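Scroll down for the structure; my scribbles are underneath it.
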Amino acid sequence: MNLTQRFKPSTCLSGSILLSHPSLRDPNFLKTVVFLSSHSDEHGTLGVILNRPIGKSLGDLDNQFKSLDFADVPVFEGGPVEREKLIVAAWQWLSEPTSFKLYFGIDLEKAKTLREENPEIQIACFLGHSGWSPGQLENELDDDAWLVHNLDHDLFSEMENENQVWKKIVGSMSDELRLLADAPENPSSN
């Protein structure tokens with residue numbers, strides 16, 4: 001199933017990405033790419049923003065991470081909820097470009113073990129997360145606030161390019177969205 005098609009209420013979106021629609025002006029989600037780690041009718045939706053690096057690594061945040069060989073792990077703004085909470089995630093990419101195994105909300109010891117087992121595993125940390133109560137995301141999708149897409153390895157590797165990756169994905173979805181994604185922030189400066 002192509003997840004860029006119209007959202008259907010029975011669709012589980014876990015493992016997908018949300019792209020804020022160009023018309024979404026909420027500063028918390030302006031031009032964001034949100035990875036959905038879990039989505040269910042019963043519990044709602046949890047995700048993290050992938051394209052908002054804070055420009056620091058774990059080693060920059062706290063020296064204790066240097067002793068665990070995590071000094072180089074990038075830190076991203078995960079979302080507006082619990083911004084003081086650090087979430088550790090690891091991705092193991094499989095043979096298909098859109099296939100991956102996710103370890104989300106793990107501790108650093110687990111991340112260390114995963115990295116020892118597979119040096120190719122990618123680890124990222126997020127300050128805070130994005131969350132929707134049951135039915136809330138579905139309502140926002142019905143209001144066209146979000147676009148749904150698959151996450152793939154190439155996109156994931158470009159996430160530190162902030163708005164460029166959002167613009168690239170949104171612009172590839174349709175001619176109309178390309179025009180909207182290319183529009184200036186302030187039309188009067190055009």
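The values are calculated or read from the model by the stated rules, or taken from the named source; none is laboratory data. Predicted, not measured: the structure shown is a model, and the values here were computed from it. A quick note on method: Cβ atoms are made from the backbone with ideal geometry, for glycine too, and the neighbour counts reach across all protein chains shown.
Can you tell me how many residues in region 103-141 are within 16 Å of Lys85 (Cβ to Cβ), in contact with a Gly (Cβ under 8 Å, 6 or more places away or on another chain) and among the hydrophobic types (A, V, I, L, M, F, W, C)?
Summing the residues that are within 16 Å of Lys85 (Cβ to Cβ), in contact with a Gly (Cβ under 8 Å, 6 or more places away or on another chain) and among the hydrophobic types (A, V, I, L, M, F, W, C) in region 103-141 gives 2.
How many residues does region 71-129 contain that are among the β-branched types (Val, Ile, Thr), touching a Cys at 6+ places or on another chain (Cβ under 7 Å) and more than 19 Å from His39 (Cα to Cα)?
2
With region 98-160 as the region, which strands (runs of 3 or more DSSP E) entirely inside it contain at least 1 residues that are in contact with an Asp or Glu (Cβ under 6 Å, 6 or more places away or on another chain) and among the basic types (Lys, Arg)?
none
Among all residue pairs at least 6 apart or on different chains, which show Cβ distances below 9 Å where the first residue, located in region 71-95, is without any contact (Cβ under 8 Å) to a residue 12 or more places away in the chain and the second is outside any loop (DSSP other than H, G, I, E, B)?
Final answer for the pair search is Leu94/Phe100; Leu94/Lys101.
So for region 150-163 (the condition being more than 22 Å from Ile87 (Cβ to Cβ) and out of contact with any strand residue (DSSP E or B) (no Cβ under 7 Å at 6 or more places or on another chain)), does at least one residue qualify?
For region 150-163, residues more than 22 Å from Ile87 (Cβ to Cβ) and out of contact with any strand residue (DSSP E or B) (no Cβ under 7 Å at 6 or more places or on another chain): present.
Considering Lys112, Lys56, which residue is surrounded by fewer than 19 Cβ atoms within 10 Å (Cβ to Cβ), of a type in the set (Lys, Arg), closer than 21 Å to Ser157 by Cα and without any contact (Cβ under 8 Å) to a residue 40 or more places away in the chain?
Only one candidate qualifies: Lys56.
Looking only at region 87-97, how many residues end up being at pLDDT below 90 and either in a strand (DSSP E or B) or small (Gly, Ala, Ser) (or both)?
4
Considering only region 161-185, how many residues are among the hydrophobic types (A, V, I, L, M, F, W, C) and surrounded by 16 or more Cβ atoms within 10 Å (Cβ to Cβ)?
6
For Ser133, state whether it is surrounded by 12 or more Cβ atoms within 10 Å (Cβ to Cβ) and polar (S, T, N, Q).
No.
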